[in-house]
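Chemist: One structure coming up, written as structure tokens, with questions to follow.
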Amino acid sequence: MTETPANKRLHVLQAVEDGWDAFARTPWPLVLFTLLTGGVWVLFQTIVRAADHWSGDSAPLAFLVIDVVGNTIISLWGFTGLVRGAWKSLNGAKPSFSDLMRWDGKAAGRLFINQIVLAIIISIIAGVFIWLTSEFIAASTFAGFIPLIAGLVIFIYLSVNQKLLPFIALLQTGYPIENIQKGQKSIDATWWWMLLLLIINSIILFVGLVLIGVGLLVASPLVICISLAAYRQLFGTDDQTGFLNT
């Protein structure tokens, strides 16, 4: 197993420049695939809502399960496809639309499990701080702000140092806890720069949303290209799982 890099500084402007160059090199496959995944999601939601309406709420739990499973699969398919296309574009190649369309069940499974484990960890931490907040408020209203603020700080910290977890899950071997530790170890040394990158990505997505939502067709793949360029700075270009060859 490749040793996790540490004490590398993230060069934010370089990541933005590399990400933009990758997107500009092959915009149409990325934009059209984003449009396709969005269209599939809308179609799926329309079918589920119509079926739920026609059933007369006879099986609400079943439709809820179908909705969650379907949304998860579409999200995993869309994200893995964009990552594959963005990676090839960062390498100077022009990915074909079929490269993005391809479903990789193993990669999707790794991504899903890693995200679920992180969500469980965050939920446990949130639960602890919610309980502490209620206990502190019972003693003093002002004291209740102490665990509340501490919990918020920890949430922001985890949001930043786990920003690259999806790429780690797709491209590196290791169990979910190991992958979470890799993100923590590599990003802690450059945490403030990663926070800056997260803010830039959020601004790009916000601008895309403001442009009647249509701008997200450009903003979403662009943010993935930029984030992947940042990942490559910190972790290199080694594909340990064979994700790019499947």
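What follows is calculated from the coordinates using simple rules that are stated; it is not laboratory data. A quick note: this is a predicted structure, and the numbers were derived from the prediction, not measured. Counting neighbours? That spans all protein chains shown, and the Cβs are built from the backbone with ideal geometry, glycine included.
Chemist: Once you sort the root eigenvalues of the Cα gyration tensor of region 176-246 as a ≥ b ≥ c, which label holds: rounded (a/c under 1.5), prolate (a/b larger than b/c) or oblate (the other case)?
Modeler: oblate
Chemist: Same structure, new question: Computed over the Cα atoms, what is the radius of gyration of the chain divided by 2.2 N^0.38 Å, N being its residue count?
Modeler: This ratio for the chain stands at 1.12.
Chemist: Given the options P60, P147, P176, which has the most mean-square fluctuation in a GNM of the chain, springs set between C-alpha atoms less than 10 angstrom apart?
Modeler: Answer for the Gaussian network model of the chain: P60.
Chemist: What ³J(HN,Hα) values, in whole Hz, does the Karplus curve 6.51 cos²θ - 1.76 cosθ + 1.60 give for region 195-202 when θ = phi - 60°, with x put for Gly and Pro?
Modeler: Result, rounded to whole Hz: 4, 4, 5, 4, 5, 4, 4, 5.
Chemist: Also, I was wondering about something else. First check a/c for region 121-246, with a ≥ b ≥ c the square roots of the eigenvalues of its C-alpha gyration tensor; if it is under 1.5, answer rounded, and if not, answer prolate when a/b is larger than b/c or oblate otherwise.
Modeler: It is oblate, given that a/c is not under 1.5 and a/b is not larger than b/c.
Chemist: Once the Cβ-Cβ distance between A62 and A119 is put in as r, and R0 is 25 Å, what FRET efficiency do you end up with, to the nearest 0.05?
Modeler: Once the sixth-power term is evaluated, E becomes 0.60.
Chemist: Return the calculated 222 nm mean residue ellipticity for the chain, to the nearest 500 deg cm²/dmol, obtained by summing -39500 (n - 2.57) across DSSP H runs with n ≥ 4 and dividing by the residue count.
Modeler: -26500 deg cm²/dmol
Chemist: Same structure again: How big is the charge dipole of region 12-245 about its Cα centre, in debye rounded to the nearest 20, if each Lys and Arg gets +1 on its Cβ and each Asp and Glu gets -1 on its Cβ?
Modeler: The dipole magnitude comes to about 380 debye.
Chemist: Right, here's the next one. For the chain, what does the relative contact order come out to in percent, with C-alpha contacts under 8 Å and a separation of six or more?
Modeler: Value for the chain: 36 percent.
Chemist: Restricting to lysine pairs 8 or more places apart or on different chains, what number in the chain have Cα atoms under 17 Å apart?
Modeler: The number of close lysine pairs in the chain is 5.
Chemist: Using +1 at the Cβ of each Lys and Arg and -1 at the Cβ of each Asp and Glu in the chain, identify which of N71, S202, A51 lies farthest towards the dipole's positive end.
Modeler: S202
Chemist: Using 0.36 nm times the number of residues separating I177 and F206, minus their current alpha carbon distance, what extension gain do you get?
Modeler: Value of the extension gain: 7.3 nm.
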